[in-house]
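The values are calculated or read from the model by the stated rules, or taken from the named source; none is laboratory data. Here the structure is a predicted model, which means the values were calculated and not measured. Because the Cβ atoms are built from the backbone with ideal geometry, glycine has one as well, and the counts that use them run over all protein chains shown. When the accessible area is computed, the model is the full protein with side chains, heavy atoms only, and any ligands, DNA or RNA have been set aside. Shrake-Rupley method; radii C 1.70, N 1.55, O 1.52, S 1.80 Å.
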There are 2 protein chains.
Amino acid sequence: MTQLLDVDPAWLPDEALRAVGTRPVQVLGDGPLVDTVRHEVAAAHAKFAAEAGHSGAVSCDLLLRIADGGDAGPEGFTLERDGSRTTVAATDPAGLLHGFFHVVRLGDAAFTAAPAQTHRPALALRMLDHWDNVAVHPVMGQVERGYAGGSLFWRDGRARGDLARVRAYARLLAACGINALGVNNVNVHETEAHLLTDRIDEVAAIARELSPYGIRVHLSVSFAAPVLLGGLDTADPHDAAVRAWWREAAEHVYTHIPDFGGFVVKADSEGQPGPFAHGRSHADGANLLADALAPHGGTVHWRAFVYDHRQDWRDRTTDRARAAYDHFAPLDGRFRDNAILQVKHGPMDFQVREPVSPVIGALSRTRVAVELQATQEYTGQQRHVCALAPAWSEVLRFRPDGADGPDIGRLARGGGLVAVSNAGDDPFWTGHPLAQFNLYAFGRLAWQPDADPDALLDEWIELTFTPDRCADPARLRSGLRAVLRDSWTTYEKYTAPLGSGFMVQPGHHYGPGIDGYEYSPWGTYHFADRDGIGVDRSLATGTGYAAQYAKPWSETYETPESCPDELLLFFHHVPYGHRLHSGKTVIQHIYDTHFEGVEEVEAARRTWQSLADLVAPARHRRVAERYEEQLRGAREWRDQVNSYFLRKSGVPDAGGRRIH
Amino acid sequence: MTQLLDVDPAWLPDEALRAVGTRPVQVLGDGPLVDTVRHEVAAAHAKFAAEAGHSGAVSCDLLLRIADGGDAGPEGFTLERDGSRTTVAATDPAGLLHGFFHVVRLGDAAFTAAPAQTHRPALALRMLDHWDNVAVHPVMGQVERGYAGGSLFWRDGRARGDLARVRAYARLLAACGINALGVNNVNVHETEAHLLTDRIDEVAAIARELSPYGIRVHLSVSFAAPVLLGGLDTADPHDAAVRAWWREAAEHVYTHIPDFGGFVVKADSEGQPGPFAHGRSHADGANLLADALAPHGGTVHWRAFVYDHRQDWRDRTTDRARAAYDHFAPLDGRFRDNAILQVKHGPMDFQVREPVSPVIGALSRTRVAVELQATQEYTGQQRHVCALAPAWSEVLRFRPDGADGPDIGRLARGGGLVAVSNAGDDPFWTGHPLAQFNLYAFGRLAWQPDADPDALLDEWIELTFTPDRCADPARLRSGLRAVLRDSWTTYEKYTAPLGSGFMVQPGHHYGPGIDGYEYSPWGTYHFADRDGIGVDRSLATGTGYAAQYAKPWSETYETPESCPDELLLFFHHVPYGHRLHSGKTVIQHIYDTHFEGVEEVEAARRTWQSLADLVAPARHRRVAERYEEQLRGAREWRDQVNSYFLRKSGVPDAGGRRIH
């Protein structure tokens, strides 16, 4: 692959291919994905031909081969390193491709002796959802919650012509392990609905670019499609004509896209149509589409994001956090084998801190996919640095049944891991160049959910910045680690405290609005008054949400004494003087973290400035610009949050710092 | 004039012309405006020809004539009613037109004997500003702060073709005394800037429709026009080329529109260009345009709405309320004779309750126009009934120098009265049919600033609803009075209390957002904390704004004890337990007024329902629909405001009512 002009190479700069490009390599096998590996190798050789020619004796070489009878399974591979030759063997061409990129990630280390190892993805489905609109939406624009320019796939109502960019994107995704991609917004507007039928060729064109990198295309569809597109007078899943319509629709899709992945559906959610209108359950709805896809090997991703978004803020008995469990736990076991219930990792909506959604642990007879949000809707919108791998890792390591039970990474094996993509047609792919790490880390965690996020950060740093090629590798590595590793907790410190969530400007969700969602219909409240703050979700005195968890978590979350500090205000309404396990009062914790958060941004900004001589100028400049905005924004958050709580509580800062 | 199909006749239904249409009338004089009177009479006669024919003996007749040598002055007229003949005499054709509509307003009463009376407009300039964009603005739409459909003048970047609607609008405006109209938004965007030069013919076409009703066209222009349109490299008012450019621009305008009124300018305000960029004063800026207009008899309306809209909310020393006085009082006496300083009636921005702007009383050597807002940006956006005549009347009767000094109506004689129009291409002109009264009352108050608002309401009711033609005139009259007369104070009761202002949703300004503008850069704060609320604008301990007033007001406003209750929180920060002159505490006042406000809306809605048999169905239905929204909105305001202050203050409602 050649680099696209004016597009950042992200984690595949030429230098990242040096270890392969400077060594003799052999590729054995047939098929399009093997050809992709072959092309990758040839391109790397072309880049480093001069150096390879001069390098004289080659210390070892690389063999990539399809080998029947291995136990690596689909997409897996075995890596043997005997010190003179490194061999990647896979039964499946996709496995060979992943093995190739594994070698790229290892770099020179791939050519030192090590015991043979078999690598398999922990999760079979590792998917990115693009909330990209085909037609520009009057409010949400081309990409809903997109902060990285336009869509890579669509522009002004049509498919984009420049498929080279899509191909380059597929390559980046394959290199971090992603194997599925939803090409349009889960909010399916009128134009987008037609992708399923008369505009399927536009989806097929995208699929042809993704397919050589082992990535299958998925399509968000409208549950009302039989009415909207088919002219039927119902979309009732029990209606024979509706079932026939979906079967034909799926058949039609597969004639255009033989390796089509399946449908993604947001039903009965925030205004989207769904089975409720017909008196049917969400299992009925999902199974309708699953049955249509089954003959072709497709799956339906049915989103569990169903709640009352026209809630009355006066009503304290309704709790949006309960909704996914209340709707879907009773349906466990009623979904088809090729229906996947796609559940947001937390019960609300991608806040900087939420507990893990209890419904994930309550669906032992359902395939569950866990949905994360790489696009930073609530975490700084790619103007703030917020490396989410540690947050995601916490989710994936959470054990709903306690220490002896399986973790979320294990529970997601049936359905996979999904993230809303943060990529767009921005030259840096993700707006903020450092947000590329979120995309990369997502793919890697989907492959290996128990991976150490710090190790993934180092891996990404090595690939993206190739520190060994710069004047001061140690300073570059430590600087990059410093600005990224704890950036999530930094962001948490200066925004909504202790799991309270939201407190953002309504609509666009950027910047502080402490009461922005307090009197709204969205079910997102903190109930701060002059005495205290937080939502009582206990069983004893609150909404009962805490009891949706199995033990020990139902007990842990039930009382303020046992609840972890960072989730205290999510589960309990406490006085400002309530003492945390940290020893601080809630109000002093709010003040302290907000001052600290800004100080940490100031420090990160200085650190970034100190790397100017070690980072490519365009990338350094873009990040430096965003740090100015992040610092401005962090100060605004600090001052508004602290002022709000000082005005409400009347408690002065113990540190005597200035609060307005 | 014939009624336009599908357009509400507002205050000129056929029935309103009955008294004239059924009587023999003679019109003597020449010129286009006299012809307009002649056409009006002929049209009325045509309508009532049958009845007039049958009426047999005519009790008296009407003579409208141009008569040299009268003392009524321009636009004035003398009315003589001897019981057998009614005579309107005017020296100026415009006076004859106004006299004609005066007779229409009087109806049959015009034909009873009464002493001769001369009528003159108190203010020479009675102007509507349309904040209409030519090109649809991405945020503000076709009409900025418009709640009555599209623009009457512009659509999607071009002038509208249907000038019949413009003509009908001109007729309505003339019938209530308006004689000037600004055809485009004071925020002059790129497309609109060109109206001044290469698109002046579109303005001229509008002017030709308004002119027969005695209405002159004014145009909002960009101060940067010499750069934007003229290709100059500066807009500096001291630059000779700039001065020449404006002279030529004005010359060009007058060749197309001989009775052109002049320019309206919003400079150095909310992002619009102005003289500050060139180190010049606003007098320099205004005089530049005044000099260009002077040879043609035009005036420049220079808006005094200059303030820092990027204020830091942390900075309590800056006070937006001070801005107009601080900027313009020092410039008194430095403006040309044909420059009018156009000042918003209050120091902030058309809130439901503000004190009268102190700068109006501080400009004895400057022509001042007072600007009101008929479009209900902050007063319910024509979804809520809010008859503003009582509010405007309070402003116009305010005496800046105390009881012995002139009132605002008097001080505005040099410059006139201006309102931002609430009319659009909605079939009812103003969205809410009852909002027509605001348009009507504005015109009538501009003619006679000391008119009794209740009398104007009755006048409007008689014209618009012609109660005598319905089955139960008394019920209709009392019902309409009941829903309109106190609707302003009703609206005030359920929205921002005691002069605190704002508390609206940011951006669109509809619905409650108690902290919506509290941490914003707009200079609009209430500083509510757990102990109290309000802005200290005293001289002794606050921003000093109170001292911008002359005595006695500077003393009245200086202390909470002497400050009128309704403005208390505008001038003072007081504890929730502060006792008002009413005897109530501030917090109890907040609770009580918010419960009362909703009850008053409920009562008004019931009253309106009871009029269903007496009001035209389409009009009744439209108003009934809007009452549903008003009631919903009023309850939302009540509950959010009360909850906010209960949570902050902790003081329970003395009435024990439910607060959430």
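Numbers below:
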read-out	value
Among (1) among the hydrophobic types (A, V, I, L, M, F, W, C); (2) open to solvent by 10 Å² or more (accessible area, probe 1.4 Å); (3) at pLDDT below 95 - the single one B:V306 does not satisfy	(2)
Test: residue in the stretch A:630-648 that is under 20 Å from A:W608 (Cβ atoms), open to solvent by 50 Å² or more (accessible area, probe 1.4 Å) and away from every other protein chain (no Cβ under 14 Å)	no
Selection within the stretch A:260-286 - open to solvent by less than 10 Å² (accessible area, probe 1.4 Å) and over 27 Å from A:I206 (Cα atoms)	A:S269, A:G274, A:P275, A:H282, A:A283, A:G285
Meets criteria (more than 21 Å from the chain's Cα centre (by Cα) and not assigned by TED's automatic domain parsing to the domain that holds B:Y510) for B:L106	yes
Test: B:Y549 is within 13 Å of another protein chain (Cβ to nearest Cβ) and buried (at least 21 other Cβ atoms within 10 Å of the Cβ)	no
Residue list for the stretch A:393-421, filter: closer than 12 Å to A:L372 by Cα and among the β-branched types (V, I, T)	A:V395, A:V418, A:V420
One residue from B:D201, B:D156, B:D233 being without any contact (Cβ under 8 Å) to a residue 40 or more places away in the chain and at negative phi	B:D233
B:A42 vs. criteria within 16 Å of B:Q26 (Cβ to Cβ), open to solvent by 10 Å² or more (accessible area, probe 1.4 Å), free of Cβ contacts under 8 Å to residues at least 12 places away in the same chain and not in a loop (DSSP other than H, G, I, E, B)	yes
Helices (runs of 4 or more DSSP H) lying entirely in the stretch A:371-453 (those with 3 or more residues that are in contact with a strand residue (DSSP E or B) (Cβ under 7 Å, 6 or more places away or on another chain))	A:436-447
Any hit, the stretch A:581-594, residues being assigned to a loop (DSSP other than H, G, I, E, B) and open to solvent by less than 50 Å² (accessible area, probe 1.4 Å)	yes
Qualifying residue in the stretch A:258-266 (condition: more than 22 Å from A:P347 (Cα to Cα) and either over 26 Å from the mean Cα position of the chain (by Cα) or not assigned by TED's automatic domain parsing to the domain that holds A:V356 (or both))	yes
Yes/no for B:R647 being within 14 Å of B:T490 (Cβ to Cβ) and of a type in the set (K, R)	no
Sole exception among (1) part of a helix (DSSP H, G or I); (2) of a type outside the set (S, T, Y); (3) open to solvent by 50 Å² or more (accessible area, probe 1.4 Å) for B:E561, by number	(1)
Residue satisfying condition, being modelled with pLDDT of 95 or more, among the acidic types (D, E) and under 23 Å from B:V183 (Cβ atoms), within set B:E354, B:E377	B:E377
Scope the stretch A:209-242; condition surrounded by fewer than 16 Cβ atoms within 10 Å (Cβ to Cβ) and assigned to a helix (DSSP H, G or I); matching residues	A:A240, A:A241
Scan of the stretch B:553-570 for residues that are in contact (Cβ under 8 Å) with a residue 60 or more places away in the chain and hydroxyl-bearing (S, T, Y), ordered by number	B:Y557
From B:A612, B:A624, residue being closer than 28 Å to B:H432 by Cβ, away from chain A (no Cβ under 14 Å) and part of a loop (DSSP other than H, G, I, E, B)	B:A612
Tally of residues being more than 8 Å from every other protein chain (Cβ to nearest Cβ) and open to solvent by 20 Å² or more (accessible area, probe 1.4 Å) across the stretch A:528-537	1
Selection status of A:E459, surrounded by fewer than 24 Cβ atoms within 10 Å (Cβ to Cβ), of a type in the set (D, E, K, R) and over 20 Å from A:S151 (Cβ atoms)	yes
Boolean, B:Y510 is buried (at least 16 other Cβ atoms within 10 Å of the Cβ), at pLDDT 95 or above, within 14 Å of chain A (Cβ to nearest Cβ) and under 22 Å from the mean Cα position of the chain (by Cα)	yes
Residues that are out of contact with any helix residue (DSSP H, G or I) (no Cβ under 8 Å at 6 or more places or on another chain) and either modelled with pLDDT under 95 or not in a helix (DSSP H, G or I) (or both), drawn from the stretch B:627-660	B:G650, B:G656, B:R658
Tabulated pairs, the stretch A:3-18, first basic (K, R), second in a loop (DSSP other than H, G, I, E, B), C-beta under 7 angstrom, 6+ apart or interchain	A:R18/A:F48
Selection status of B:A482, without any contact (Cβ under 8 Å) to a residue 60 or more places away in the chain, hydrophobic (A, V, I, L, M, F, W, C) and not assigned by TED's automatic domain parsing to the domain that holds B:T375	no
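Quick grid of which residues meet (1) touching a residue at least 60 places away in the same chain (Cβ under 8 Å); (2) out of contact with any Lys or Arg (no Cβ under 8 Å at 6 or more places or on another chain); (3) of a type in the set (F, W, Y):
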{"position": "B:G499", "(1), (2), (3)": "yes, no, no"}
{"position": "B:S520", "(1), (2), (3)": "yes, yes, no"}
{"position": "B:A528", "(1), (2), (3)": "yes, no, no"}
{"position": "B:Y545", "(1), (2), (3)": "yes, no, yes"}
{"position": "B:K551", "(1), (2), (3)": "yes, yes, no"}
{"position": "B:H572", "(1), (2), (3)": "no, no, no"}
{"position": "B:H578", "(1), (2), (3)": "no, yes, no"}
